[in-house]
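Step one of this worksheet: look at the structure below.
The values are calculated or read from the model by the stated rules, or taken from the named source; none is laboratory data. Every value quoted in this text rests on a predicted model; they were computed, and no experiment measured them. Here Cβ is always computed from backbone atoms with ideal geometry, including for glycine, and neighbour counts include all displayed protein chains.
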Amino acid sequence: MTGNKISTGDASGDLRPHLWRNARLATLEQQKLGLGIIEKGAIVTENGRLTFVGPEADLPVAAIERAQITDLEGRWVTPGLVDCHTHIVYGGNRAREFEMRLQGATYEEIARAGGGIVSSVKATNALSVEGLVEAALPRLDTLLSEGLTTIEIKSGYGLSVDGELKMLRAARRLERVRAVRVVTSYLGAHATPVEYKGRNADYITDVVIPALQNAHAEHLVDAVDGFCETIAFSTAEITRVFDRAAALGLPVKLHAEQLSNLGGAKLAASYKALSADHLEYLDPEGARAMAEAGTVAVLLPGAFYAINEKQKPPLQALRDAGAHIAIATDCNPGTSPLTSLLLTMNMSATLFGLTVEECIAGVTREGARALGLLDETGTLETGKSADFAVWDVESLAELVYRIGFNPLHAHVFKGERIDH
Ligand SMILES: [Zn+2]
């Protein structure tokens, strides 16, 4: 993996519009049914924006005369992929722990051997901002090789004021060293550090709130997240964090109903959260509350698979309620060491029963919606950022159907073709 760079061809100072013709477009446009397919389509980009998306027959003559032209030879084009839930910045890994589990070790034995989230906190805090960036780059590059153009990155392995700030600085830095849009989420309320064991309220007072204030002052926070679970934080504790987020004018989201039903999704909806994520134990009432609030349901099949969960998220209840559904990798060292959105789509279909349309929308339009970025990216519509992926497939279903196969042909971010 060599990482991605803007190709020299596009960085050479050619400021003409770029016409990408002879394409089959999946625009994901909201007003159209399904994937918004346009056969014999074309895209024009200028100054990083989409200035035309439609049938080639409708192209304005002026656009053709001035443009540099790329013939896509009938290939499929989708919006650039969006991974709306990751913990991609961390130190170390948990392969040893994985191995111990395979040899029959219990969670308690693993914890005694220094495993679990504690080990990720230790390994993360041992690295500098540069070290965290270096550690995250191979994971980010793997996602980029599949046409990723936007990624959400959470803190939550620092669990101290300095540690959380360092993770968020590393996340911001990644946006400067790769051609990708990074959205950060502050996740101080991820776990209770050892020194605060049994004292969640003190941890929130001493660390979670002050780190949030400092990170916000440094413009490091785009949204505030939490982990609402019996092994993490209660709804009352999350409420304190969300109230502070609201006071700072920051949107919220929540890890909810992953292992039990605490009513986290309903709480998130009451704050008009961007998303509630995981949701295996969500009930129909929670699904309705989310749909009414416009809170996106983010399903994470990587974690479901890796922890061998049996309870599936209530897909039909979410559909019946009219909730928007996104899917994401949840890339993290403990419960979802997954760095492929193509595989995430396949898992969402195979394990959860999502349709091909739901899978493709889940990593494009709905992922962007879950990040509050739908005005900027996630669909192919005039005026938005020119973020798209070109695929060597006969049909879009192949993107979901294949396992361990990457048919990316070209990758465009803000109008620039990206080399891999
Ligand atoms: Zn997560």
Could you tell me whether Val180 is in contact with a Ser or Thr (Cβ under 8 Å, 6 or more places away or on another chain), more than 16 Å from the ligand (Cβ to nearest atom) and β-branched (Val, Ile, Thr)? yes
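Here are some residues: Tyr186, Tyr203. Which one is away from the ligand (no atom under 16 Å from the Cβ) and either modelled with pLDDT under 95 or surrounded by 17 or more Cβ atoms within 10 Å (Cβ to Cβ) (or both)?
Tyr203
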Tell me, which residue of the range 274-299 that is crowded, with 24+ Cβ neighbours inside 10 Å and assigned to a loop (DSSP other than H, G, I, E, B) is nearest to the ligand (Cβ to nearest atom)? Leu279
In the range 141-177, anything assigned to a helix (DSSP H, G or I), under 15 Å from Phe413 (Cα atoms) and within 16 Å of the ligand (Cβ to nearest atom) is listed as Leu143
Residues of the range 302-345 being surrounded by fewer than 18 Cβ atoms within 10 Å (Cβ to Cβ), over 27 Å from Gly147 (Cβ atoms) and of a type in the set (A, V, I, L, M, F, W, C), which ones? Ile307
Scan Ala303, Ala246 and give me the residue that is within 14 Å of the ligand (Cβ to nearest atom), assigned to a helix (DSSP H, G or I) and at pLDDT 95 or above. Ala303
Given (1) assigned to a loop (DSSP other than H, G, I, E, B); (2) within 12 Å of the ligand (Cβ to nearest atom), where does Gln311 come up short, assuming only one miss? (2)
Counting only residues that are under 16 Å from the mean Cα position of the chain (by Cα), outside any loop (DSSP other than H, G, I, E, B) and charged (D, E, K, R), which one in the range 357-414 is farthest from Leu343 (Cα to Cα)? Arg369
Looking at Ile238, Ile231 in this structure, which one is within 16 Å of the ligand (Cβ to nearest atom) and surrounded by fewer than 18 Cβ atoms within 10 Å (Cβ to Cβ)? Ile231
